[in-house]
Amino acid sequence: MILLNRYKDELKRTDPRSADIIALSKAIPEIASSSLTTIGGLIAMMFMQYGLGPDLAVVLIKAIMLSLLTVFLLMPGLIMLFSDLMKKTTHKNFVPKIPFVGKFAYATRRFMPLLFVVLIIGAYYYSSHCPYVYGYSTLSTRLQSEKDKIDELIDTTFTSPNMVALVVPGNDYEKEARLLKELDERPEIKSSTGLANTEAMKGRMLTEKLNAREFAELIDVDTEIASLLYAAYAVDDENYAKLITGISTYKVPFIDMFLFLHKEVEEGYVTLDEDQQKSVDDAFVKITIAKNQLQGENYDRMLLYLNLPQEGEETFAFLGELHDIARKYYGEEADVLVVGESTSQLDLKTTFARDNMVVNIASALIVLVVLLFTFKSAGMPVLLIVVIEGCIWLNFSYPTIAHENLFFLGYLIVSSIQMGANIDYAIVVSSRYQEVKKEMHPRDAIIDTMNFAFPTIVTSGSMMVLAGFLIGNMTSEPCISGIGMCLGRGTIISILAVLFALPQILLLGDKVIEKTSFDVNLNLPVTNQSMSGLVRVDGLVQGRIEGTVVGVMHATIRGSVNLLMQSGSAVAREVQDPAPDGAKIQEPERESGEPRDPSSESARLQNPEEWVAPDGTEPEKRWTDGRSSAGNEADQE
């Protein structure tokens, strides 16, 4: 759209081919800087610890690079190919001129920047208190899937408990029993489930230690059989001392002895009657399920049902307490893990603090560097970034004021895209203003700028606004819905700021921009000059004027001209020789020791057209005023 608007503007003054070339040459800096700032904002997302950020950044950067190449390499050809059809199908311009915006900007140039500064200071305060959440439990979308409806019905009817899993080093049932007992006494815990507090039979717990008599009574077998079973277990466990001191005092956790009994029955070493066999088989199924759920090779797991929400400061604080309580029993260096939705959201919160800082700093610095070399001014990038950063703060003040929870990822992604993409509108306005203010009064320049930039801003901006709001209202995924709504809302805020705050800031900060401007001079020294007649050349030139000239010229040539114009124009007119006020005429180089004729000097200055050198030849005459030819173009014209 930047290229097409430039083409339409140039087409008013020249033919389609020249308009295409000039439009591309003028649009390349704007398009390149717009693309690079967007890419810069996305590169910042690649430094996020949260994996979705880098993945999304890579996809979007590739899309922008492909779009950039398409606009530079394909679109100019398409414009030429369809230029006649575009001309034939031209219709009335539905995007109106907005001179009132430029007039308003000039009239409020001293008041509006101050109001905008006050506004963004307040926005920064509210955005810093934005109610970010790190899970979906407190989020809602305008469109609900069937699963969402079912989950909401379950929560409303039964309430869903907040469950976390506590993982501790295994094979120590006594520590586990004491730990579970202490946890059950905490008001934050509704209930707990572990091997040590799971009932096996008749009020006995799975991990409770029993002797042979107690085990026989529990599973209804003869005491002699139980004693033989315990003796076999001692041999299998290489605990031969118990065979000597007496099996009657030998105690084994119920779960271990029961699984050993089932193995012995399966291998045929122990025979049970039909009722006993059925009872053992049924108990074995249940015990196996419990063991698989709660015990691993090296770790045991306990399920804790909390009386706390999935996320919140109280919940996050209690997760830290769980680690401390468990380490009292297993040691400070023990691997103690707390796993669950609450833990996941705590990790995301911790990651967000780091990612937020990295994304904000990286995006601002990258965009600053791109704008620095785009506008060749240190002041302009700062002004533009302040405007867009202020828009970001305004955008994320809304959830605070409206008391709406916002998924944290929405801020990270939208702030990067808003910084990189919405600053394009500011670049279009700033570039046009910098271009036309050299030829117009600031009031007229800002009016022309807003009239020129408005079609690009309103078309591009409306597309992003519509896309954002449509995504926000058409998806049942809370994260994506939040991103869409924030993107649409942020784009509207950016458009309003670019139309009603940025022009005043440019007008008020014009002197700052000029004083912080710099120029990168990459011109090579001019060598091998040979001049005659009235010569005025500035630009990149190659060859002889009488023969072939290749390059960009801003020249006044005395003589006949036969040129193949690739762009621009050649106009025949009368050459006016008198020097501008304050200018001086440089004489050609003389042989060493040749005297200067004062009378000739005076005559040449008074009437350069009729003056002839003493030798009868017309010397070189070149206008200068002490500045470089590049900086003297307007005076020479």
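The values are calculated or read from the model by the stated rules, or taken from the named source; none is laboratory data. Computed from a predicted structure; not experimentally measured. When we count neighbours, we look across all protein chains shown, and the Cβ atoms used for this are built from the backbone with ideal geometry, even at glycine. For accessibility, only protein heavy atoms count, side chains too; no ligands or nucleic acids. Shrake-Rupley method; radii C 1.70, N 1.55, O 1.52, S 1.80 Å.
Overview of values
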read-out	value
Sequence of H323, H554 when ordered by accessible area, the most exposed leading, probe 1.4 angstrom	H554, H323
For segment 149-241, average projected area of the Cα convex hull in nm²	9.6 nm²
Estimated distance in nm for a label pair at D172 and Y126, the labels positioned 7 Å out from Cα along Cα-to-Cβ	5.4 nm
Alpha-carbon centroid distance for the pair segment 168-217 / segment 273-349, whole angstrom	13 Å
Difference of contour (0.36 nm per residue) and Cα-Cα distance, D9 to A107	32.6 nm
Exposure of K251 as accessible area (Å², to 10), given a probe of 1.4 Å and all protein chains	100 Å²
Percentage relative contact order, segment 5-71, counting C-alpha pairs under 8 Å, at least six apart	24 percent
Estimated FRET transfer efficiency when R0 is 56 angstrom, pair S67-Y330 (beta carbons, to 0.05)	0.50
Convex hull volume per residue in cubic angstrom - Cα atoms of segment 1-58	68 Å³
When the convex hull of its Cα atoms is projected in every direction, mean area for segment 388-430 (nm²)	3.1 nm²
FRET efficiency, T157 to L303 (Cβ-Cβ, R0 25 Å, nearest 0.05)	0.65
Packing rank of 273-283, 409-419, where each peptide gets the mean count of other beta carbons within 10 Å, highest leading	409-419, 273-283
Computed label-point distance, nm, for sites L119 and T288 using a 7 Å Cα→Cβ extension	7.0 nm
Flagged links, alpha-carbon separation over 22 Å, of K87/K437; K12/K376; K202/K291; K103/K437	K87/K437; K12/K376
Computed lengthening from V58 to A165, 0.36 nm per intervening residue step minus Cα-Cα distance	35.0 nm
Accessible-area order (highest first, 1.4 angstrom probe) of the listed residues M485, M205, M1	M1, M205, M485
Pairwise centroid distance, computed over Cα atoms, of segment 391-457 with segment 1-15, Å	23 Å
Gain upon complete extension [D184, S476; 0.36 nm per residue less C-alpha separation]	101.3 nm
